[in-house]
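K.L.:
First the structure, then my questions, so here it is.
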Amino acid sequence: MALPLKYNISSVLVRWRSTIATVASIGVVVAVFVALQGLAVGLEKSSGNTGDPRNLIIVRKGSTAESSSQVTLEQYRLTQYLPGVAKTAEGKPLATADVLVLISLPRKDLSGEANVLVRGVGPMGMELRPQVTLVSGRWFVSGKREVVVARKLASRFANMQLGETFKSAGNELKIVGWFDGQRSAYDSEVWMDADETRSIFDRDFYSSIIVRVDDTNRAAQVTARLEGDKRLPLQAKPEVDYYKSQTGTAVPIKWMARFLAGAMSIGAVFAAMNTMYAAVGARTREVGTLRVLGFRRRTLLLSFMIEGAILSLFGGLLGCALAYFYVNGKTTGTLNFQSFSEVVFEFRVTPELMGRGLIFAVVVGTIGSFLPALRAARLPVISSLKSI
């Protein structure tokens with residue numbers, strides 16, 4: 001004979017003080033677990049949301065990132081005229097060569113300086129990246145020492161308002177516009193003209209080339225032709241796939257989330273255990289009565305474990321709500337281990353993460369209630385009925 005679920009719910013409500021304490025402790029653990037996982041997911045989605053499926057990114061062979069690649073001007077000239085590269089209505093190749101440079105800028109909160117990625121883009125750079133949109137001001141004009149800054153990046157660094165200037169490489173660079181990268185890796189960048197970037201920062205090479213293929217089904221043919229040309233020690237990859245692979249920064253965050261969740265879950269287990277032990281102590285006569293009424297020990301064991309799971313489920317719901325309403329969508333930043341620059345992204349608390357948080361909470365509660373439930377099931381009937 002099984003105990004009705006209503007019995008466990010009533011027991012939880014009667015002992016509301018201990019219930020609140022347990023729910024709160026588990027809720028905090030779940031909130032931290034979900035928030036840290038949301039940090040890693042936001043970072044991954046920032047990279048995964050970057051690029052156009054029609055584009056190929058070309059870097060030097062052996063390079064794992066744009067920042068470690070070098071492409072000569074002659075290689076760029078040869079690449080943009082490869083068969084299969086799309087052209088504009090005027091017959092110009094849809095290709096651009098970018099230059100990536102790291103500069104150090106002061107943070108807005110005066111907490112020090114951080115590296116920022118400056119991307120020099122060619123005339124076709126904006127057309128090849130339709131997800132990047134100008135939200136304020138105007139685009140830069142070549143030769144005038146002008147830059148356009150990602151709006152989210154501007155909110156984290158000093159002197160990033162429209163019309164303001166900052167100094168780098170001995171030059172005053174004026175901010176003439178803000179752009180929105182639509183939650184992509186471009187939200188962490190400063191853009192200016194490519195050739196002007198090469199001149200200011202004394203670079204005689206480009207970092208990467210972006211080309212658009214005239215047919216996505218021909219991307220593999222273009223890649224094979226490029227990599228088979230002995231004059232071009234270059235490698236090509238779909239732009240979307242390239243940015244998806246640039247998620248190494250998310251790995252240590254995931255491990256940190258797991259470590260903290262593991263450490264805090266130990267405390268949550270003991271909180272659930274203390275609550276359940278208190279519940280067993282206060283219901284000794286009740287347990288004895290249930291045994292007299294014919295309920296078996298395994299039934300009591302299961303019933304008390306269900307009660308612990310219910311408490312943990314409430315705690316999990318609280319933790320997920322805290323994570324969703326307080327951190328979801330919040331902009332933050334960290335160090336990109338590929339480029340060693342500031343990467344700006346948003347916390348992303350997804351339904352999948354909240355589901356994991358609820359499962360995590362129920363598992364913690366079930367483990368924490370096992371020993372108290374076992375004690376309740378083993379209480380002698382006679383001594384239980386005699387207890388006061």
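The values are calculated or read from the model by the stated rules, or taken from the named source; none is laboratory data. Model, not experiment: these values are computed from the prediction. Here the Cβ is made from the backbone with ideal geometry for all residues, glycine too, and neighbour counts use every protein chain on show.
K.L.:
If I filter the stretch 114-143 down to residues being part of a loop (DSSP other than H, G, I, E, B) and basic (Lys, Arg), which single residue comes out as surrounded by the most Cβ atoms within 10 Å (Cβ to Cβ)? Spell out the reasoning first.
P.N.:
Of the residues in the stretch 114-143, the ones part of a loop (DSSP other than H, G, I, E, B) are 122-132, 138-143.
With the extra rule that they be basic (Lys, Arg), the set shrinks to 129, 138.
On the way: ARG129: 23, ARG138: 11.
Among those that are part of a loop (DSSP other than H, G, I, E, B) and basic (Lys, Arg), it is ARG129.
K.L.:
Could we say that ASN159 is under 24 Å from SER46 (Cα atoms) and modelled with pLDDT under 90 here? Working first, answer last.
P.N.:
Details: under 24 Å from SER46 (Cα atoms): no; modelled with pLDDT under 90: yes.
Judged against the criteria, ASN159 is not a match.
K.L.:
Any idea how many residues of the stretch 236-262 are out of contact with any Gly (no Cβ under 8 Å at 6 or more places or on another chain) and either modelled with pLDDT under 80 or among the polar types (S, T, N, Q) (or both)?
P.N.:
17
K.L.:
Could I ask something else about it? Return a yes/no flag: does the stretch 206-217 have any residue that is assigned to a helix (DSSP H, G or I), over 30 Å from SER25 (Cβ atoms) and either at pLDDT 70 or above or assigned by TED's automatic domain parsing to the domain that holds GLY143 (or both).
P.N.:
Checked the stretch 206-217: at least one residue is assigned to a helix (DSSP H, G or I), over 30 Å from SER25 (Cβ atoms) and either at pLDDT 70 or above or assigned by TED's automatic domain parsing to the domain that holds GLY143 (or both).
K.L.:
Of (1) touching a Ser or Thr at 6+ places or on another chain (Cβ under 9 Å); (2) at pLDDT 90 or above; (3) acidic (Asp, Glu), GLU74 satisfies all except one. Which?
P.N.:
Evaluating GLU74 over (1) touching a Ser or Thr at 6+ places or on another chain (Cβ under 9 Å); (2) at pLDDT 90 or above; (3) acidic (Asp, Glu) leaves (1) as the failure.
K.L.:
What about LEU128, is it more than 25 Å from ALA169 (Cβ to Cβ) and modelled with pLDDT of 90 or more?
P.N.:
Considered against the rule, which asks whether it is more than 25 Å from ALA169 (Cβ to Cβ) and modelled with pLDDT of 90 or more, LEU128 comes out as yes.
K.L.:
Hey, among ALA21, ALA40, ALA86, ALA35, which residue is at pLDDT 80 or above and in contact with a helix residue (DSSP H, G or I) (Cβ under 8 Å, 6 or more places away or on another chain)?
P.N.:
On the way: ALA21 fails: at pLDDT 80 or above; ALA40 fails: at pLDDT 80 or above; ALA86 fails: in contact with a helix residue (DSSP H, G or I) (Cβ under 8 Å, 6 or more places away or on another chain).
Every option except ALA35 fails the conditions.
K.L.:
Also, I was wondering about something else. It is to be established whether one or more residues within the stretch 171-180 are touching a residue at least 24 places away in the same chain (Cβ under 8 Å) and not in a strand (DSSP E or B). Please lay out each step first, then the result.
P.N.:
Looking only at the stretch 171-180, we keep the residues that are touching a residue at least 24 places away in the same chain (Cβ under 8 Å), and these are 171-180.
Now narrow it down to the ones that are not in a strand (DSSP E or B): none.
Checking the stretch 171-180: not a single residue is touching a residue at least 24 places away in the same chain (Cβ under 8 Å) and not in a strand (DSSP E or B).
K.L.:
Quick test for you: out of SER68, SER63, pick the one residue that is at pLDDT below 90, surrounded by fewer than 21 Cβ atoms within 10 Å (Cβ to Cβ) and closer than 19 Å to LYS230 by Cβ.
P.N.:
Numbers: SER68 fails: closer than 19 Å to LYS230 by Cβ.
None of the other options fit; the residue is SER63.
K.L.:
Now, a different point. May I ask you to verify whether GLY137 is more than 27 Å from the chain's Cα centre (by Cα) and free of Cβ contacts under 8 Å to residues at least 24 places away in the same chain? Don't jump to the end; show me each part of the working.
P.N.:
Numbers: more than 27 Å from the chain's Cα centre (by Cα): yes; free of Cβ contacts under 8 Å to residues at least 24 places away in the same chain: no.
So GLY137 does not fit the description; no.
K.L.:
Hey, can you tell me all the residues within the stretch 220-236 that are under 32 Å from the mean Cα position of the chain (by Cα) and surrounded by fewer than 21 Cβ atoms within 10 Å (Cβ to Cβ)? Write out each step before concluding.
P.N.:
Restricting attention to the stretch 220-236, the residues satisfying the condition of being under 32 Å from the mean Cα position of the chain (by Cα) are 220, 223, 234-236.
Answer for the stretch 220-236, where residues must be under 32 Å from the mean Cα position of the chain (by Cα) and surrounded by fewer than 21 Cβ atoms within 10 Å (Cβ to Cβ): ALA220, THR223, GLN235.
K.L.:
Just a yes or no: is a residue in the stretch 153-170 acidic (Asp, Glu) and touching a Ser or Thr at 6+ places or on another chain (Cβ under 9 Å)? Write out each step before concluding.
P.N.:
Initially, the stretch 153-170 is screened for residues acidic (Asp, Glu), giving 164.
If we keep only those that are touching a Ser or Thr at 6+ places or on another chain (Cβ under 9 Å) too, we end up with none.
No, the conditions are met nowhere in the stretch 153-170.
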